[in-house]
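Undergrad: Sending over a structure as structure tokens; questions will come in a sec.
The values are calculated or read from the model by the stated rules, or taken from the named source; none is laboratory data. None of the values given here were measured: they were computed from a predicted structure. A quick note on method: Cβ atoms are made from the backbone with ideal geometry, for glycine too, and the neighbour counts reach across all protein chains shown.
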Amino acid sequence: MTTYADILPKLLETLQPYAKKIGHLKETTDLVSELGLDSLQVMQVLLKIEDQFDISIPLNNLPNIRTVKDLGQEIEMLLKA
Amino acid sequence: MSLFEKFLSIQQAREEILQNGINPFHLTIEKINSPTEGVINGRSTILVGTNNYLGLTFHPDCIQAGQEALAQEGTGTTGSRMANGSFSSHNDLERAIAGFYGMPHAIVFSTGYQANLGVLSALAGPGDTILMDGDSHASIYDGCRLGGAEVLRFKHNDVADLDKKLRRLGERSQRTLIIVEGIYSMLGDRAPLKEIVAIKQQYEATLVVDEAHSLGVLGKRGRGLAEEAEVEEGVDCIVGTFSKSLGSTGGFGVSVHPEFEFIRYTSRPYIFTASPCPSVVASTKVALRLVRETPQLRQQLWENAQKLYDGLEQIGYTLGAEVGPVIAAMIPSKEQALGMWQGLLEQGVYVNLMIPPATPNGESLLRCSVSAAHTPQQLETIIQSFSNVHSSFKEQSGSYQSSKM
Ligand SMILES: Cc1ncc(COP(=O)(O)O)c(C=O)c1O
């Protein structure tokens, strides 16, 4: 079973290209306010992550995802379901 | 912090745009003379951003029907159909639309926006899933949200991504609604409907097609993309609007499923708003008849579209999609798009300026919607004006390295 601990390093790797401005990505990094992703980039990142983990992330859950950690936990939950 | 502080960022964005003079998102047409001509900033202007595809807004039959209904049935209905009752004319219009599509069930809404809200929220609720195209119109986004279903988005027009997402759903795919558009309003591209219908059937999902920009435009009888692609039988429900090719306002849903009628009892955007006013209903009904009886209008629209498309392509513009009534010129930057939009307006040509975040892929667009009512002379003026702003921007800016942009 894939746990959050397995997911996090893969997730950080996928997000790294979007973090050029701030350099180092942490669990607490805010995807919108710190990475400065606009709605188009958010969509592109999500599509990448969906393919990477073979999941579909519902739009309904997006308002609750602010940080890298939130996103990792969402992926964990979807993989369990 | 007050509630009003959130408007600060909008105010700043607006001021940035206003530095150039005119506000493209708060433009007034001081006088409207015909489907294709109005007065803007005191100047006679050709309208190329109206969605008035068949030019029916001034058709004498539509005007006469509206005037008669106004005199006979009054200015408004003053209430909802459920609480206050339907007028016979509402039922007549529903029968006319059902007849037009050859489907037994039709429901009329007060706008196309509400048709999407009403149909989507009623069909897919908690426990169900919606798969929507990522480039969908705002009314589809809002309709998906309103019902409480789980909403997933697939890559625009990407059948492989749709397939993947349906596969991941497993058995839930049978309780999944797929929603796509016939012609997408920004770039004018079409859904790959044949493939989408095949996938929908494979996974036993339900398919809704929004024909807002394709009604009266595509198909032998003008029913839209489903007719053109010869897959009408694979579509569960069609939604659309009267506000574009039919030249009035209002929206509708049609379906072969008898259960569709129950939407009237569950759909808040149907129940809790006033029904369409009699004059609008009457004009719409005549416009629908004209679509049926006057295929020449559609033919003229396509001739005009081809002419404008060829003209813009020859100048060197990169266009958003194949030939069609929506022709979008893709401009390298927001600033250039704004400048060119203004240049066109100064020459008496009004098109739609579309900039991110409202556009797909962050594009900046000068969006034209062609009308059957554009005259050859108007089309020539439009193309000439596009040519003028193209050369003046090429001269000004070193960033136009190639003739393509
Ligand atoms: C695809 C699509 N659906 C629905 C609508 C809403 O139609 P209406 O203007 O009648 O509310 C529009 C147009 O605005 C549209 O482009």
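Undergrad: Of everything in the stretch B:318-372 that's part of a strand (DSSP E or B) and among the hydroxyl-bearing types (Ser, Thr, Tyr), which residue is nearest to the other protein chains (Cβ to nearest Cβ)?
TA: Ranking the qualifying residues of the stretch B:318-372, first place goes to B:364.
Undergrad: Follow-up. On the given criteria, is residue B:242 free of Cβ contacts under 8 Å to residues at least 40 places away in the same chain, in contact with a helix residue (DSSP H, G or I) (Cβ under 6 Å, 6 or more places away or on another chain) and of a type outside the set (Asp, Glu)?
TA: No; evaluated as a whole, the condition is false for this residue.
Each row is one residue, and each column tells you yes or no for (1) closer than 14 Å to residue B:267 by Cβ; (2) more than 16 Å from the ligand (Cβ to nearest atom).
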position	(1), (2)
B:98	no, yes
B:101	no, yes
B:104	no, yes
B:111	yes, no
B:116	yes, no
B:125	yes, yes
B:133	no, no
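Undergrad: Now for a separate question. Residue B:208 is checked against (1) under 30 Å from residue B:282 (Cβ atoms); (2) more than 16 Å from the ligand (Cβ to nearest atom); (3) in contact (Cβ under 8 Å) with a residue 40 or more places away in the chain and fails just one. What number does that condition carry?
TA: (2)
Undergrad: Between B:175, B:167, which is away from the ligand (no atom under 16 Å from the Cβ), over 25 Å from the mean Cα position of the chain (by Cα) and farther than 16 Å from residue B:257 by Cβ?
TA: Checking each option against the conditions leaves just B:167.
Undergrad: May I ask you to verify whether residue A:25 is crowded, with 16+ Cβ neighbours inside 10 Å and within 14 Å of another protein chain (Cβ to nearest Cβ)?
TA: Considered against the rule, which asks whether it is crowded, with 16+ Cβ neighbours inside 10 Å and within 14 Å of another protein chain (Cβ to nearest Cβ), residue A:25 comes out as no.
Undergrad: Within 22 Å of residue B:259 (Cβ to Cβ), in the same structural domain as residue B:243 (by TED's automatic domain parsing), among the aliphatic types (A, V, I, L, M) and modelled with pLDDT of 95 or more: does that describe residue B:159?
TA: When the stated conditions are applied, residue B:159 does not pass them.
Undergrad: Select from the stretch B:279-308 the residues that are closer than 20 Å to residue B:191 by Cα and in contact with a strand residue (DSSP E or B) (Cβ under 8 Å, 6 or more places away or on another chain) and list them in ascending order.
TA: B:305 - this is the single residue of the stretch B:279-308 that is closer than 20 Å to residue B:191 by Cα and in contact with a strand residue (DSSP E or B) (Cβ under 8 Å, 6 or more places away or on another chain).
Undergrad: Sticking with this structure for a sec: Hey, can you tell me all the residues within the stretch B:183-195 that are within 16 Å of the ligand (Cβ to nearest atom) and away from every other protein chain (no Cβ under 14 Å)?
TA: Once the filter is applied, which keeps residues that are within 16 Å of the ligand (Cβ to nearest atom) and away from every other protein chain (no Cβ under 14 Å), the stretch B:183-195 yields B:183, B:184, B:185, B:187, B:188, B:189, B:190, B:191, B:193.
Undergrad: If we only count helices (runs of 4 or more DSSP H) wholly inside the stretch A:1-80, which ones have 3 or more residues that are in contact with a Gly (Cβ under 8 Å, 6 or more places away or on another chain)?
TA: Where helices (runs of 4 or more DSSP H) fall fully within the stretch A:1-80 and carry at least 3 residues being in contact with a Gly (Cβ under 8 Å, 6 or more places away or on another chain), they are A:4-15.
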